[in-house]
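To start, the structure under review is shown below, and the notes come after it.
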Amino acid sequence: MAHVRRGVAALWRRSLWIPVGAVAVGVLVPLGYLVARAFSADPSTLADLVFRARTLRLAGNTVGLTVAVLTSTVALALPLAWLVARTDVPARRLFTILGALPLAVPGYVMAYALLAATGSNGLVAEVTGLVIPRPGGFTGAWLALTLTLFPYLFLGLRASLLGLDPSLDEAARTLGASPWRRAQTVVLPQLRPALLAGGLLVGLHVLGDFGVVSLMRFETFSFAIYLQYTAAYDRVYAAALALLLIGLTGALLIGEARLLRGRRFARIGAGTARRQRAVALGGWRWPAALGLGSVAGVSVGVPVAATLFWMGRGLEDGLWGELASGLLDSVSAALPAALLAAALAIPVAVLSVRRPSRASSAAERVAYLGYATPPLAFALAFVFVSIRAVPWAYQTLGLLVIAYALHFLAEALGPVRTSLYQASAQAEEAARTLGRGPLRAFVEATLPTLRRGLGVSVALVFLSAIKELPIAFLLSPLGFESLALRSWAAAGESLFAVAAPYALALIAVSMPIVALALRDGRDASQP
């Protein structure tokens, strides 16, 4: 009997590798086809494509925009996080929520809002009479991306500042260090993990962004890939640009890992860390609150106000039917993708936490590789592999759902893995001793403890998938017109009144998901 039980347990462990292997195939095979398509050209042609002046200009634009957005998001998020975490500024909880809400505003909706609020017929001109030139190019893309991406840094920095042990700062003060010196030597080094983790997410989003740069007409690798694939029909050059873009994301990942290598940030020694006392701002309390409110007004208020303003210009006949159709298309892809990603995250997390090995670690990294691959490059890889290997699956809802799930799997993996670390393995072992099989023991003893993590996973993937633009653009079925596709297409034609209801619907659907992530005590920035 014991021999039979060991055999069943071994079979259960092996069966976990089936979905994990499917994930690896789903992520690596399309990328392999992308490489094959790029290198289908002869070496001299490929070298000419890579080293031509336009490619170098695209690389400069992409890197320059990434550096600029990283700099501005840190400059914005760090003081905001310090104010809500370390000072007595009024309404800190409200400002924390407002600081996270821009996560509900897709970058292309922010770009649309900035365009719709400016110009001679925009919101600002109508309300104040002041004509602000419409932003475009580098400046417009930088502004829109900064306003939508700073929460990824803000949430992590706030959590780190709340977790700092005040005794470290007190020790530095007793040694005569000035406030500026203490910030440099004590506080900022402790914030390095949050800065690097948030900065990594911001950098990956900027490198992979397509919606903002296309509306602002600023050529980066993503925008050029779209143009080469849809307008020039040069698939080899599009594949080569996609590989160069993946190379940039790889460099960003390696740089972040090396900056953290060998560093320790945990408190060492006996005793219990104490909570910090809030810094008294005195007469600066209300000016600081005004500054926080201004950031919230620009990052959340402007998109909402601009969409409402243009909706007031006149609603089209049949709008509510079109809106319902767009919402149905969005949910029909985003919800199955979220459920699939959460389901795939379970075996990956179980192998990583309960059966750690080089193979399980590699499987987990493959899941993050799909997330780190820029969306347009990821979608292009799926186009190549589906046309060559499974042409009947190209432009089907099933392929779109699979692409969503594999791309956002890392967002589902984090909460599930965290919940699994908190689940007792002894409860599952006890169920086994009572005669339960491995699968039944897992379902009865462990799966209920993963309920919250799975709920957060579904919410985060749904939030990302419903906002996703480039993957939907390249892989959506004929007749599929999600809210994201409708709002981007109308904004691209400067049809601000047409785009407004779809943009507002995206914000309205996304905000409760962000609130859910905050309520469950998890930063939406942590995949």
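Got a number for residues in region 208-229 being in a helix (DSSP H, G or I) and open to solvent by less than 10 Å² (accessible area, probe 1.4 Å)? Full working, then the answer.
Restricting attention to region 208-229, the residues satisfying the condition of being in a helix (DSSP H, G or I) are 208, 211-215, 221-229.
Remaining after also requiring open to solvent by less than 10 Å² (accessible area, probe 1.4 Å): 208, 211-214, 221-222, 224-225.
Total satisfying the criteria: 9.
Residue under question is Asp234, and the condition is that it be acidic (Asp, Glu), modelled with pLDDT of 85 or more and under 25 Å from Pro30 (Cα atoms); does it hold?
no
Could you grab me the full set of residues in region 262-296 that are closer than 17 Å to Gln190 by Cα and at pLDDT below 60? Break it down stepwise before answering.
Step one: list which residues in region 262-296 are closer than 17 Å to Gln190 by Cα, which gives 262-269, 273-276.
Of everything in region 262-296, those that are closer than 17 Å to Gln190 by Cα and at pLDDT below 60 turn out to be Gly262, Arg263, Arg264, Phe265, Ala266, Arg267, Ile268, Gly269, Ala273, Arg274, Arg275.
Could you grab me the full set of residues in region 230-244 that are in a helix (DSSP H, G or I) and open to solvent by 20 Å² or more (accessible area, probe 1.4 Å)?
Residues satisfying the conditions are Thr230, Ala231, Ala232, Arg235, Val236, Leu243, Leu244.
Matching residues to (1) at pLDDT 65 or above; (2) open to solvent by less than 20 Å² (accessible area, probe 1.4 Å):
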residue: Ala441; (1), (2): no, yes
residue: Leu450; (1), (2): yes, yes
residue: Ala459; (1), (2): yes, yes
residue: Glu481; (1), (2): yes, no
residue: Leu495; (1), (2): yes, no
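Do we have any residue at all in region 34-47 that's under 22 Å from the mean Cα position of the chain (by Cα) and either part of a helix (DSSP H, G or I) or crowded, with 16+ Cβ neighbours inside 10 Å (or both)?
Going residue by residue through region 34-47, those that are under 22 Å from the mean Cα position of the chain (by Cα) are none.
The answer is no, given that none of the residues of region 34-47 is under 22 Å from the mean Cα position of the chain (by Cα) and either part of a helix (DSSP H, G or I) or crowded, with 16+ Cβ neighbours inside 10 Å (or both).
All but one of (1) in contact with an Asp or Glu (Cβ under 9 Å, 6 or more places away or on another chain); (2) modelled with pLDDT of 90 or more hold for Thr73; state the number of the condition that does not hold.
Of everything listed in (1) in contact with an Asp or Glu (Cβ under 9 Å, 6 or more places away or on another chain); (2) modelled with pLDDT of 90 or more, Thr73 misses just condition (1).
Step by step: first the residues of region 456-479, then only those that are among the small types (Gly, Ala, Ser) and touching a helix residue (DSSP H, G or I) at 6+ places or on another chain (Cβ under 8 Å), then the one that is nearest to Ala341 (Cα to Cα). Which residue is that?
Selected residue: Ser457.
Touching a Ser or Thr at 6+ places or on another chain (Cβ under 8 Å), hydrophobic (A, V, I, L, M, F, W, C) and at pLDDT 90 or above: which single residue out of Phe138, Phe150 fits that description? Explain how you work it out, then say what you get.
Values: Phe138 fails: touching a Ser or Thr at 6+ places or on another chain (Cβ under 8 Å).
Criteria check complete, one pass: Phe150.
How many residues does region 199-254 contain that are over 27 Å from Ser72 (Cα atoms) and over 21 Å from the mean Cα position of the chain (by Cα)?
14
Taking region 339-355 as the region of interest, how many residues are within 10 Å of Arg417 (Cα to Cα), open to solvent by 10 Å² or more (accessible area, probe 1.4 Å) and touching a Lys or Arg at 6+ places or on another chain (Cβ under 8 Å)?
2
The values are calculated or read from the model by the stated rules, or taken from the named source; none is laboratory data. Small disclaimer: the values here were computed from a predicted structure and weren't measured. Note that each Cβ is placed from the backbone with ideal geometry, even for glycine, and that neighbours are counted across all protein chains shown. We work out accessible area using only protein heavy atoms, side chains counted, and drop any ligands, DNA or RNA first. Shrake-Rupley method; radii C 1.70, N 1.55, O 1.52, S 1.80 Å.
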